[in-house]
Protein chains: 2
Amino acid sequence: MRAAYHEELASIRDGLVEMAHLAGSAMGRATSALLDADLQLAESVISADVTVDALQRDLEHRAIALLARQQPVATDLRLVVTSLRMSADLERCGDLAQHVAKLARLRHPERAVPGDLRRTILEMGQLAQRLMAQAAEVLITPDVDAALQLEKDDDRMDELHRVIFEHLLDDRWQHGVETAVDVTLAGRYYERFADHAVSVARRVVYLVTGKYADELATDPPAPA
Amino acid sequence: MRAAYHEELASIRDGLVEMAHLAGSAMGRATSALLDADLQLAESVISADVTVDALQRDLEHRAIALLARQQPVATDLRLVVTSLRMSADLERCGDLAQHVAKLARLRHPERAVPGDLRRTILEMGQLAQRLMAQAAEVLITPDVDAALQLEKDDDRMDELHRVIFEHLLDDRWQHGVETAVDVTLAGRYYERFADHAVSVARRVVYLVTGKYADELATDPPAPA
């Protein structure tokens, strides 16, 4: 009974890790599609999102089956419930990668991102992918420091988001309103994607410590 | 034991309904703040969001406690798990109302929404509030037809969102890039708010029928 239980728990965790990998990879490819106006790549990201959705439904069914069969309590119960919440975060990340790919498709054969914002969007895409890879690692090895590190790394995403707004609101902006709308939405998609990756890490912190990440952050630093 | 159980379940449902009411009301006030450049109202929406967040955490604790103490199975188990997912939707709706209020605050004493889009944004705000009220009703009385009706009513939100884009991408747009960015983001906030309200209703459909709303929608119509 216990062996089966741990196997089921591990399979839920593996499902989350797989979702994280798929979502991260999707955002990487969506960013390439956006920057290179690559329609084929955009279409492949858009059609691949069903896999992430299916994984989430499957994971939800398995979590509910595990709750029913094993009736876990305490830490184990919290682990399963938290898995459900994390799967929702990751499913949403798949959607956001799809949204970026749809922007690329909408403007094809034009490029949605003007030349002077390419580097910023590229960095947002790479950072999004990296944050998701970190979240996947934290899922595999629950490490509070590594999980809290994601919050710090996410600060860079906020900076990049501000860079976009500075460009948009600069009087010298000369790419018109359509491009402004595209870039505004793209910036929002990357920022939300990063938020969800951070949220996954936060939930791991809560599982390990029983405290919310913001409670830990306001604690005085531990003595060296 | 069963009496306590049903009381706990009812209290979770009441918590969800309260979250829906707070989120709906917040979006209504945020819309007024946005359209009237009312800073005080905007601030009150922004600071009230902690209540929705606290309700969500409380609800999560109670759901986990119920799972641990009562170890529900089958439909009851699904109900508790689904409540957790719905509370996440509703918490997010509170955030989105807060985002609208922050737009109002950011542009104060100017108005973020130009005159020719006032009516559209007003309708989006009212529709968002109405969808959330419908979601709350469906939580109180799980009715599949009423839940599916939300999906149809949400089509109007998509139409209004398209109206915004048509304005933005019209060559006669003369409100500049800053306003275009604000309106793009506002439109997105309303659309996402409505999506979450629909999502709550969809979960009720799943609870009642064991089928996802899109599965029901593709079924042939029942004979009259």
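The values are calculated or read from the model by the stated rules, or taken from the named source; none is laboratory data. Nothing here was measured: the structure is a model prediction, and the numbers come from that model. Because the Cβ atoms are built from the backbone with ideal geometry, glycine has one as well, and the counts that use them run over all protein chains shown.
Quick notes
- For region A:38-52, the criterion of being part of a helix (DSSP H, G or I) and within 14 Å of chain B (Cβ to nearest Cβ) is met by at least one residue.
- Output for region B:198-212, where each listed residue is within 16 Å of B:Lys152 (Cα to Cα) and aliphatic (A, V, I, L, M): B:Val198, B:Val200, B:Ala201, B:Val204, B:Val205
- Comparison of A:Ser32, A:Ser83 shows that the only residue that is within 13 Å of another protein chain (Cβ to nearest Cβ) and either small (Gly, Ala, Ser) or surrounded by fewer than 18 Cβ atoms within 10 Å (Cβ to Cβ) (or both) is A:Ser83.
- Residue check, A:His6 at pLDDT below 95 and either over 12 Å from A:Arg105 (Cα atoms) or buried (at least 18 other Cβ atoms within 10 Å of the Cβ) (or both): yes
- For the residues A:Leu59, A:Leu66, A:Leu55, A:Leu77, the requirement of being within 26 Å of B:Leu67 (Cα to Cα), without any contact (Cβ under 8 Å) to a residue 40 or more places away in the chain, in a helix (DSSP H, G or I) and of a type in the set (A, V, I, L, M, F, W, C) singles out A:Leu77.
- Residue match in region B:156-178 (condition: under 12 Å from B:Ala201 (Cβ atoms) and either touching a residue at least 12 places away in the same chain (Cβ under 8 Å) or polar (S, T, N, Q) (or both)): no
- Taking the criterion of being at the interface with chain A (Cβ under 10 Å from one of its Cβ atoms), surrounded by fewer than 19 Cβ atoms within 10 Å (Cβ to Cβ) and of a type outside the set (Lys, Arg), the residues of region B:62-75 that qualify are B:Ala65, B:Ala68, B:Gln71, B:Val73, B:Ala74.
- Residue within region B:65-88 that is within 19 Å of the chain's Cα centre (by Cα) and of a type in the set (Asp, Glu) present: no
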